[in-house]
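Worksheet: one structure, shown below.
The values are calculated or read from the model by the stated rules, or taken from the named source; none is laboratory data. Model, not experiment: these values are computed from the prediction. Glycine gets a Cβ as well: all are built from the backbone with ideal geometry, and neighbour counts include every protein chain shown.
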Amino acid sequence: MARLLTLAGAALLAGLLALAWVERRAGDPAAAPVTGAVAPGGWYNALAASRGPVGDAEQTTCGLVLTGKSLGVTHPVLPCGARVLVRYGDVTALTEVIDNDLQNAGRQFELTEALALRLKLDGIQQVEWRFAERPRQ
């Protein structure tokens, strides 16, 4: 039963990613405000922590060069550029997947240090996240 639920969840996730990709190509990326895509039951939960200070000219698996001001998340499965809302406590931030290679075990997301500071996240904490999407016109 657990395997069936896992497969169903993976299929739902793939469908949401495909829909987000199609909608992203349909219009001007700067034209509309961003809202959260409704996940079954609302937000997803995940363990997250800062990836630490940025190294000198540190490049991600997504081909980006990070700076101390970079805002983004590392996730081993979500595609580069996937836009997500991350919420910790009463702070929500719009960000995107910038890397697929986790630096440390024991977490599903790693946040750039700038994003972790914005969310006031210290250590490994449970955060909520959902895909971001543009509202339909």
Of everything in segment 99-112 that's charged (D, E, K, R) and assigned to a loop (DSSP other than H, G, I, E, B), which residue is surrounded by the most Cβ atoms within 10 Å (Cβ to Cβ)? 107
Quick check on my filter: what residues within segment 115-137 are modelled with pLDDT under 95 and of a type in the set (A, V, I, L, M)? 132
Long-range neighbours under 7 Å by Cβ, at least six apart or interchain, first residue more than 23 Å from residue 55 (Cβ to Cβ) and outside any strand (DSSP E or B) within segment 114-137, second modelled with pLDDT under 95 and of a type in the set (Val, Ile, Thr): 134/34; 135/35
Based on what the data block shows, is residue 85 crowded, with 16+ Cβ neighbours inside 10 Å and at pLDDT below 95? no
For residues that are assigned to a loop (DSSP other than H, G, I, E, B) and among the hydrophobic types (A, V, I, L, M, F, W, C), scanning just segment 45-58, find the one that is surrounded by the fewest Cβ atoms within 10 Å (Cβ to Cβ). 57
In segment 50-87, residues that are closer than 15 Å to residue 131 by Cα and in contact with a strand residue (DSSP E or B) (Cβ under 7 Å, 6 or more places away or on another chain) total 14
Qualifying positions in segment 59-75 - in a loop (DSSP other than H, G, I, E, B), under 21 Å from residue 119 (Cα atoms) and of a type outside the set (A, V, I, L, M, F, W, C): 67, 68, 69, 70, 72, 75
If you check residue 96 against the conditions, is it touching a Leu at 6+ places or on another chain (Cβ under 6 Å), of a type in the set (Asp, Glu) and surrounded by 15 or more Cβ atoms within 10 Å (Cβ to Cβ)? no
For segment 48-79: of the residues being under 12 Å from the mean Cα position of the chain (by Cα) and not small (Gly, Ala, Ser), which is farthest from residue 124 (Cα to Cα)? 79
